[in-house]
Amino acid sequence: MRDNQHIFICSDAVGETAEAVVRAAMRQFAFTSGKLRRYGHIKHVDEVRAIVDEAARCRGVIAYTLVQPELNGMMREEASARGVRAVDVLSPMMQAFVDTFEDTPNRIPGLNQSLDAEYYRKIEAMEFAVHYDDGKDLRGITLADVVLIGVSRTSKTPICLYMAHKGIRATNWPLVPEIPVPEELLRRRNGLIVGLTMDPEKLVSIRTERLKALGLPKGSVYATTLRVEEELRYANRIMQMVGCEIIDVTNKAIEETVGLILERLPADRAFSPNL
């Protein structure tokens, strides 16, 4: 694939949805300098014609999220007339909703960026995850929707931050044999507790790389098989004591682990962000 490909991102809002899809697609190809050209807040058909003309000149492709019927129809017609490949990112899914749920879309640009209660819930959840990370404040164990427990380097913090992006207040407590488990964790009855575990060999490898990144000696006890196995045995005992769900995160992506956690989250704590 040529490196001078032009991708036009067009929207009657800001274009974040279309750009996210384009970037996901680009990662599957050997792009090194593809040019993304984003056009947001499109309001007139003349703007659509001008963009299609430019895309035709440089043999580019268009990804668009135009929810207003007049603009959407114009993009489809102009692109077809000029032989430009144009991908409607939203309409197929919206039509699937119409056909399946017999509902009618609002067709209001920019709903994804609305500063509503869901948006503020995400911000509050992100601040919560940072403030109560890694047991810095034990009140977080009582206040959180989800508490993660596990040994060091089992992705507790990244998972908390990813859940925060979905509006879930999450905190974590590191399980270390030398540090007593707080009473707040043992007494917790509201919300979900999830234990994270990992294959010992994989964990040793991750910890070794962590030491290397920090410029610390390779032979540190922290990354030895003996220490890792000891910590995992201890963590398993605590998880059994607490009676929590246990997820093996070995070779799991953060998104996959979060999906499993959200399946276990009580319905009254779940959060469904705008698409």
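For G167, work out the one condition from (1) of a type outside the set (D, E); (2) open to solvent by less than 10 Å² (accessible area, probe 1.4 Å); (3) modelled with pLDDT of 95 or more it doesn't fulfil. Result: G167 passes all but (3). Quick one: S152 ticks every box in (1) within 22 Å of I254 (Cβ to Cβ); (2) assigned to a helix (DSSP H, G or I); (3) open to solvent by 30 Å² or more (accessible area, probe 1.4 Å) bar one, so which box is it? Failed condition: (2).
Here's a check for you: in the range 54-66, which residue that is in contact (Cβ under 8 Å) with a residue 12 or more places away in the chain and not in a strand (DSSP E or B) is nearest to E16 (Cα to Cα)? By that ranking, first place goes to L66.
Residue-wise test of (1) under 22 Å from the mean Cα position of the chain (by Cα); (2) farther than 30 Å from G15 by Cβ.
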residue: M126; (1), (2): yes, no
residue: H131; (1), (2): yes, yes
residue: D145; (1), (2): yes, yes
residue: V151; (1), (2): no, yes
residue: T154; (1), (2): yes, yes
residue: M198; (1), (2): yes, yes
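Among the numbered conditions (1) within 21 Å of T257 (Cα to Cα); (2) part of a helix (DSSP H, G or I); (3) not charged (D, E, K, R), the only one that I168 does not meet is (2).
Residues in the range 67-83 that are at pLDDT 95 or above, in a loop (DSSP other than H, G, I, E, B) and open to solvent by less than 30 Å² (accessible area, probe 1.4 Å): there are none. Quick check on the range 257-272. Is at least one of its residues outside any loop (DSSP other than H, G, I, E, B) and more than 23 Å from G135 (Cβ to Cβ)? Yes, the range 257-272 contains a residue that is outside any loop (DSSP other than H, G, I, E, B) and more than 23 Å from G135 (Cβ to Cβ). Taking the criterion of being of a type in the set (G, A, S) and either at pLDDT below 95 or exposed (fewer than 15 other Cβ atoms within 10 Å of the Cβ) (or both), the residues of the range 22-59 that qualify are A24, A25, A30, S33, G34, G40, A50. No other residue among I149, I141, I51 is aliphatic (A, V, I, L, M) and more than 30 Å from A223 (Cβ to Cβ) apart from I51. Name the single residue that is surrounded by the fewest Cβ atoms within 10 Å (Cβ to Cβ) among those in the range 214-256 being under 27 Å from the mean Cα position of the chain (by Cα), without any contact (Cβ under 8 Å) to a residue 60 or more places away in the chain and part of a loop (DSSP other than H, G, I, E, B). Restricting to residues being under 27 Å from the mean Cα position of the chain (by Cα), without any contact (Cβ under 8 Å) to a residue 60 or more places away in the chain and part of a loop (DSSP other than H, G, I, E, B), the top hit is N251. Apart from one condition, V181 fits all of (1) in a helix (DSSP H, G or I); (2) more than 22 Å from I254 (Cα to Cα); (3) open to solvent by less than 80 Å² (accessible area, probe 1.4 Å); (4) modelled with pLDDT of 95 or more; the exception is (1). In this structure, L203 does not satisfy being surrounded by fewer than 19 Cβ atoms within 10 Å (Cβ to Cβ), of a type in the set (A, V, I, L, M) and without any contact (Cβ under 8 Å) to a residue 60 or more places away in the chain.
The values are calculated or read from the model by the stated rules, or taken from the named source; none is laboratory data. Source: prediction; values computed, not measured. Heads up, the Cβs are rebuilt from the backbone with ideal geometry, glycines too, and the neighbour counts pull from every protein chain shown. With ligands, DNA and RNA removed, areas are computed over all heavy atoms of the protein, side chains included. Shrake-Rupley method; radii C 1.70, N 1.55, O 1.52, S 1.80 Å.
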